[in-house]
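Taking it in order: structure first as structure tokens, then the write-up.
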Amino acid sequence: MSAPEFRLFDRNLPDVEIEEAAELVQAHFGLEGKLHALSGERDLNFRVDRDDSGFVFKIANAEDGEDVVGFQVAALQHIRERDPSLPVPVMQPGSNGQVMQRVTTRSGDSHILRLVSFLPGTPVEGAPVTQRTWREIGKLMGRLNVALCSFYHPAAQANDHPWDVAKCLRFQPLTQHIADPEARKLVNSVFDRFRDVAKSHLDRTRHQVIHQDAHSGNVLVDPNDPARVVGLIDFGDLLYGPVIADLAVAPDRTARSDDKLLDIICNAAIGFDAEFPLHESEIDLLFDTICARYALGATVVAARNALHENQPRHMESNAPFIEALDELMTIGAETGTREIRRACRFPPALTGVDEDALLEARHRLLGRNATHFYTRPMHFEKARGAFLYSTDGHRYLDCYNNVQQVGHCNPHVVRAISRQAAALNTNTRYLYGSILEYAERLTAKLAPHLDACIFVNSGSEANDIAWQMAKVMTGRSGGLLMEDAYHGITGPIREFSPGHPDTKLPDHLQGLLVPDPYRGKYRDGTPDIAEKYAADADRAIAGLARGGYEPAAFMIDSALCSSGVPQTPEGYLRAVERRVRAAGALMICDEVQSGFGRMGQWWGHELHGMEADFVTMGKPVGNGHPLGVIVTRAEILERFTEKTGLFSTFGGNTVACAAGNAVLDVIEREDLIENGRVVGDYLRDGLRALAETQPLIGDVRGTGMLAGIEFVTDREARTPATGETSRLLELLRQRHVLVGSEGRDANILKLRPSLIFQREHADLLINALDDALGELAAASLHCSH
């Protein structure tokens with residue numbers, strides 16, 4: 001050990017007897033009372049008992065000058081200013097008005113004297129503590145870090161301590177003084193892991209001035225209520241270090257506690273996180289940092305006792321540290337970290353997951369028929385931007401999920417949700433401004449006649465309410481839809497979601513022929529193709545009449561996603577709208593999939609030149625946060641709510657509106673609709689170029705950030721490649737790209753990437769598809785031989 005490090009082990013306590021201490025405290029602080037010696041590692045400490053109050057008289061180590069002692073004094077004063085209710089010692093001025101008094105003692109040494117208030121209470125190490133106690137200790141340390149986060153002192157980084165866990169590796173050579181070989185091996189293994197796994201990451205976490213000595217001897221609790229923390233003492237180890245190191249000291253195994261050490265750690269972390277929210281990187285380092293702190297303790301005690309055999313010992317044995325390490329190593333870092341994350345409600349980590357157990361639990365709790373993608377469902381626990389991160393250690397490009405319109409876990413949206421949730425979350429029967437701001441912004445992006453909003457929780461609910469409103473406004477009950485539409489899961493809207501043209505509809509509904517120029521009844525090149533397809537609306541309206549129904553509304557997803565994103569003939573939907581309105585019906589434009597810029601402009605129905613009576617929204621409206629909206633005319637809203645008294649408890653709550661406003665912010669500020677249009681064109685151009693070498697690609701279509709790729713086994717006959725498309729989904733998954741199939745023959749890839757997609761993301765998709773189609777072709781050739 002080098003000379004400076006040796007100095008750290010030299011306690012060098014001041015040579016002052018209790019009688020001289022009594023004289024000093026009376027001479028410099030005007031205080032008389034009975035003195036009792038207290039323990040201390042570098043300073044001499046005496047409790048001064050008086051009838052009216054108690055104090056602690058501190059004589060600083062001779063090596064600690066005004067800079068080091070002044071650092072502690074300034075920190076306590078800052079804490080007092082920032083959080084006066086924190087139970088920490090209060091500095092007492094001397095007879096000359098100064099809190100630090102420099103004196104020369106009888107031994108001839110120069111020391112700094114201080115006097116602080118005495119905090120009543122029982123040290124945690126001597127109290128029957130509970131799990132609540134550990135949470136309260138964590139809260140105390142969290143509050144202390146809040147108070148100190150705005151504090152700094154020139155001596156903060158110069159203040160060196162042997163207990164600084166961030167520098168623990170410098171003492172690893174001293175493990176030779178640990179007598180028991182198994183204990184020595186254990187401590188070295190912890191140091192080695194800390195060096196290999198944690199040290200560099202710890203150095204990059206948040207740093208500030210920390211107490212870093214809140215062990216069970218320095219935290220005080222109420223002797224009549226051990227769950228109530230009443231004091232924190234000993235600020236002699238203050239330094240500038242990683243925030244998580246402050247928490248790492250608190251879960252102390254030397255306390256009288258029947259709790260398992262991992263429970264102690266989790267409860268302390270819960271309390272700390274409640275007051276001073278932890279970063280994910282800090283949570284993931286906590287277990288290893290605690291282990292390193294125990295390894296450091298075992299080493300320091302053994303080395304100090306070996307190097308100073310004939311001096312009084314601050315700690316007699318390192319056995320408590322070794323016992324704690326034994327317990328923690330039995331648990332293991334993976335399990336320990338997983339439990340700490342769970343306790344603080346961080347999402348599970350991407351490692352150490354028993355997916356078979358999860359799948360069985362899913363079957364047991366959610367039913368064996370709960371739908372999922374792929375034969376074995378993918379297990380994702382994290383996402384960011386264009387990617388999902390799986391527990392298999394890979395990232396997957398998400399080309400399917402249209403919920404996260406502005407990217408997974410968009411930071412602006414996340415912050416908006418979090419900030420609003422921390423302030424207020426209530427319903428629309430109270431006044432608050434954010435819902436009005438959101439309604440103003442949303443209606444401003446639609447046609448002028450659409451000027452009133454109803455807020456619900458999903459696209460299904462939005463479509464359900466729009467359908468109810470259409471029936472109330474028209475006094476009718478017949479409905480028109482596309483023959484393989486999907487609009488949601490509520491009872492009435494399930495009937496609007498046949499999913500396939502062969503599905504029998506109830507008598508009050510009629511499905512229109514899908515206007516598919518690629519494989520439909522009328523194909524590209526057919527004269528007046530839009531009118532020919534639109535004429536099917538006449539048949540549907542007549543069909544309703546034969547059953548005794550008149551149409552109340554036509555519900556349409558203008559992207560026709562469930563139909564495989566066909567390239568709708570120009571003028572088709574306008575022609576259908578003319579027939580619908582002539583029949584006295586209203587237009588419900590479902591923008592759940594086509595809205596918010598998906599098709600290269602704000603709304604899909606406007607791309608087709610339609611005029612809506614109702615615009616319904618869900619999914620991307622809150623970027624994944626539950627929110628649904630119906631926008632309609634004010635007179636429709638007033639008449640409907642007067643008749644029904646409609647109210648949704650959660651619809652339009654403050655957090656949902658914060659999410660909605662944030663989504664609009666991101667789309668506007670980052671010009672994402674234009675980005676989607678440009679990148680979408682780039683993607684389709686690349687796919688069409690790929691079709692020149694991959695004969696399975698029959699058609700590429702779409703607009704904006706929406707694309708459909710139809711696969712056929714024969715381009716002339718346009719025979720659907722259903723089986724091949726199914727295998728492509730799996731081959732693309734193996735290449736870490738997620739897509740979905742669509743269409744009545746499930747031979748169409750439906751691509752709905754987020755609007756943040758860039759050209760490099762499009763290239764990843766195109767290259768993966770090229771590679772997967774190549775493998776599929778090679779396998780087909782092999783089978784033919």
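The values are calculated or read from the model by the stated rules, or taken from the named source; none is laboratory data. Keep in mind that this is a model prediction, so the values were computed, not measured. Cβ sites come from the backbone with ideal geometry, for glycine too, and all protein chains shown count toward neighbours. Accessible surface areas use protein heavy atoms only, side chains included; no ligands, DNA or RNA. Shrake-Rupley method; radii C 1.70, N 1.55, O 1.52, S 1.80 Å.
Tell me which strands (runs of 3 or more DSSP E) are completely within region 160-278 and hold 1 or more residues being in contact with a Lys or Arg (Cβ under 7 Å, 6 or more places away or on another chain) and closer than 26 Å to Pro120 by Cα, or say none if there are none.
Working: elements: 207-210, 219-222, 225-232, 239-242.
Where strands (runs of 3 or more DSSP E) fall fully within region 160-278 and carry at least 1 residues being in contact with a Lys or Arg (Cβ under 7 Å, 6 or more places away or on another chain) and closer than 26 Å to Pro120 by Cα, they are 219-222, 225-232.
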(Q) Residues that are under 23 Å from Asn159 (Cα atoms) and of a type outside the set (Val, Ile, Thr): list the strands (runs of 3 or more DSSP E) wholly contained in region 44-130 that include at least 3 such residues. (A) 110-117
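Taking the options Gly584, Gly595, name whichever one is out of contact with any Lys or Arg (no Cβ under 9 Å at 6 or more places or on another chain), assigned to a loop (DSSP other than H, G, I, E, B) and not acidic (Asp, Glu).
Details: Gly584 fails: out of contact with any Lys or Arg (no Cβ under 9 Å at 6 or more places or on another chain).
Selected residue: Gly595, the only one of Gly584, Gly595 that is out of contact with any Lys or Arg (no Cβ under 9 Å at 6 or more places or on another chain), assigned to a loop (DSSP other than H, G, I, E, B) and not acidic (Asp, Glu).
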(Q) With the requirement that a residue be open to solvent by 20 Å² or more (accessible area, probe 1.4 Å) and aliphatic (A, V, I, L, M), what does region 194-215 give you? (A) Val197
Q.
Can you report the number of residues in region 128-183 which are aromatic (Phe, Trp, Tyr), open to solvent by 20 Å² or more (accessible area, probe 1.4 Å) and either touching a helix residue (DSSP H, G or I) at 6+ places or on another chain (Cβ under 6 Å) or free of Cβ contacts under 8 Å to residues at least 24 places away in the same chain (or both)?
A. 1
Q. Hey, among the residues in region 184-193 that are touching a helix residue (DSSP H, G or I) at 6+ places or on another chain (Cβ under 8 Å) and open to solvent by 60 Å² or more (accessible area, probe 1.4 Å), which one's nearest to Ala295 (Cα to Cα)?
A. Arg184
Q: Hand me the list of strands (runs of 3 or more DSSP E) wholly inside region 691-785 holding 3 or more residues that are on the phi < 0 side of the Ramachandran plot and either modelled with pLDDT under 95 or open to solvent by less than 10 Å² (accessible area, probe 1.4 Å) (or both).
A: 707-714, 740-742, 748-751
Q) Does Asn218 qualify as being touching a helix residue (DSSP H, G or I) at 6+ places or on another chain (Cβ under 9 Å) and surrounded by fewer than 21 Cβ atoms within 10 Å (Cβ to Cβ)? A) no
Q. Taking only pairs six or more apart or across chains, which ones have beta-carbon atoms under 7 Å, a first residue in region 675-704 that is free of Cβ contacts under 8 Å to residues at least 24 places away in the same chain, and a second residue that is buried (at least 17 other Cβ atoms within 10 Å of the Cβ) and not in a helix (DSSP H, G or I)?
A. Arg684/Val700; Arg684/Gly702; Arg684/Ala707; Arg688/Val700; Ala691/Ile697; Ala691/Val700; Val700/Ala707; Val700/Ile709
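Among the residues of region 109-118, are any more than 26 Å from His215 (Cβ to Cβ) and touching a strand residue (DSSP E or B) at 6+ places or on another chain (Cβ under 6 Å)? Spell out how you get there, then give the answer.
Keep residues of region 109-118 that are more than 26 Å from His215 (Cβ to Cβ), which gives 109-110.
Keeping just the survivors that are touching a strand residue (DSSP E or B) at 6+ places or on another chain (Cβ under 6 Å) gives 110.
Scanning region 109-118 turns up at least one residue that is more than 26 Å from His215 (Cβ to Cβ) and touching a strand residue (DSSP E or B) at 6+ places or on another chain (Cβ under 6 Å).
Per-residue answers, yes or no, for (1) at pLDDT below 95; (2) closer than 28 Å to Pro223 by Cβ; (3) touching a His at 6+ places or on another chain (Cβ under 9 Å); (4) crowded, with 20+ Cβ neighbours inside 10 Å:
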position: Asp51; (1), (2), (3), (4): yes, yes, no, no
position: Gly54; (1), (2), (3), (4): yes, yes, no, no
position: Leu86; (1), (2), (3), (4): no, yes, no, no
position: Gly108; (1), (2), (3), (4): yes, no, no, no
Q) Is region 363-382 home to any residue that is touching a residue at least 24 places away in the same chain (Cβ under 8 Å), out of contact with any helix residue (DSSP H, G or I) (no Cβ under 9 Å at 6 or more places or on another chain) and surrounded by 14 or more Cβ atoms within 10 Å (Cβ to Cβ)? A) yes
Q: Could you please give the count of residues in region 412-441 that are open to solvent by 30 Å² or more (accessible area, probe 1.4 Å) and in contact with a strand residue (DSSP E or B) (Cβ under 9 Å, 6 or more places away or on another chain)?
A: 1
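So which of Ala370, Ala324 ends up being of a type outside the set (Phe, Trp, Tyr) and at pLDDT below 90?
Details: Ala324 fails: at pLDDT below 90.
Of Ala370, Ala324, the one residue that is of a type outside the set (Phe, Trp, Tyr) and at pLDDT below 90 is Ala370.
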Q | Enumeration of residues in region 598-625 that are open to solvent by 10 Å² or more (accessible area, probe 1.4 Å) and in a strand (DSSP E or B) | A | none
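Just wondering, is there one or more residues in region 586-597 that are more than 24 Å from Arg684 (Cα to Cα) and open to solvent by 50 Å² or more (accessible area, probe 1.4 Å)?
Residues of region 586-597 that are more than 24 Å from Arg684 (Cα to Cα), as a first pass: 586-590.
Of the ones still in play, those that are also open to solvent by 50 Å² or more (accessible area, probe 1.4 Å) are none.
Scanning region 586-597 turns up no residue that is more than 24 Å from Arg684 (Cα to Cα) and open to solvent by 50 Å² or more (accessible area, probe 1.4 Å).
If a residue has to be buried (at least 16 other Cβ atoms within 10 Å of the Cβ) and in contact with a helix residue (DSSP H, G or I) (Cβ under 9 Å, 6 or more places away or on another chain) to count, how many in region 551-570 make the cut?
11
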